[in-house]
1. Can you name the residue in region 74-121 that is modelled with pLDDT of 90 or more and hydroxyl-bearing (S, T, Y) and is also most open to solvent (accessible area, probe 1.4 Å) among such residues?
2. Which one is farthest from F127 (Cα to Cα), of the residues in region 46-74 that are in contact (Cβ under 8 Å) with a residue 24 or more places away in the chain and among the β-branched types (V, I, T)?
3. Cβ-Cβ under 8 Å, sequence separation 6+ or interchain: first residue in region 110-131 and on the phi < 0 side of the Ramachandran plot, partner modelled with pLDDT under 70 and open to solvent by less than 50 Å² (accessible area, probe 1.4 Å). Which pairs?
4. Condition test on I67, is it modelled with pLDDT of 50 or more, assigned to a helix (DSSP H, G or I), within 16 Å of V112 (Cβ to Cβ) and open to solvent by 40 Å² or more (accessible area, probe 1.4 Å)?
5. Taking region 73-87 as the region of interest, how many residues are out of contact with any helix residue (DSSP H, G or I) (no Cβ under 9 Å at 6 or more places or on another chain) and part of a loop (DSSP other than H, G, I, E, B)?
Amino acid sequence: MRRTLPFAASVAAILITTIALAGAVSGASSRTLSQAQAAGWDCNPLILIGGHFHCSPQGVPSVQDIIDGTATSPSVVHQVYRADGTFAGTETLIRADLFAGQPCPTDVWLPVPPWLPSPTYYACHHFSFTP
């Protein structure tokens, strides 16, 4: 029982953070890759990952931070853009050590590639994702 309470509190904190970040991301006016970059979103590295570009608002770990192994946030929400720069949707990442099979409303949780340094993340795409 003692291990359940801290774990439940961690999951609740992750969900609250995810909901808050998702609200901020969904309320953003940047709907093209160019607009996101002009508004100061961090789209580094500017390469297609799974056929999409990923951008983070200022102060939120970017994909580059995840690749560098410096991202430690329990959850991260990115705006995702198609190869042509149009908005595809959002992506929620949950750190692998905190992932507990939470439901993903649009697809299955996918582990972020294992070649990335720890901590790794699981990704849930809030759009029709086909790598």
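The values are calculated or read from the model by the stated rules, or taken from the named source; none is laboratory data. The structure displayed is predicted, hence computed values, not measured ones. So basically every Cβ, Gly included, is an ideal-geometry build from the backbone, and we count neighbours across all protein chains shown. Ligands, DNA and RNA are stripped out before the accessible areas are found, and what is left, the full protein with its side chains, is counted by its heavy atoms. Shrake-Rupley method; radii C 1.70, N 1.55, O 1.52, S 1.80 Å.
1. Looking at residues that are modelled with pLDDT of 90 or more and hydroxyl-bearing (S, T, Y), I get T86.
2. Taking the candidates together, the pick is T72.
3. Cβ pairs passing all conditions: H126/A22.
4. Criteria met by I67.
5. Initial filter on region 73-87 (out of contact with any helix residue (DSSP H, G or I) (no Cβ under 9 Å at 6 or more places or on another chain)): 80, 83.
Subsequent filtering for residues that are part of a loop (DSSP other than H, G, I, E, B) retains 83.
Counting residues in region 73-87 that are out of contact with any helix residue (DSSP H, G or I) (no Cβ under 9 Å at 6 or more places or on another chain) and part of a loop (DSSP other than H, G, I, E, B) gives 1.
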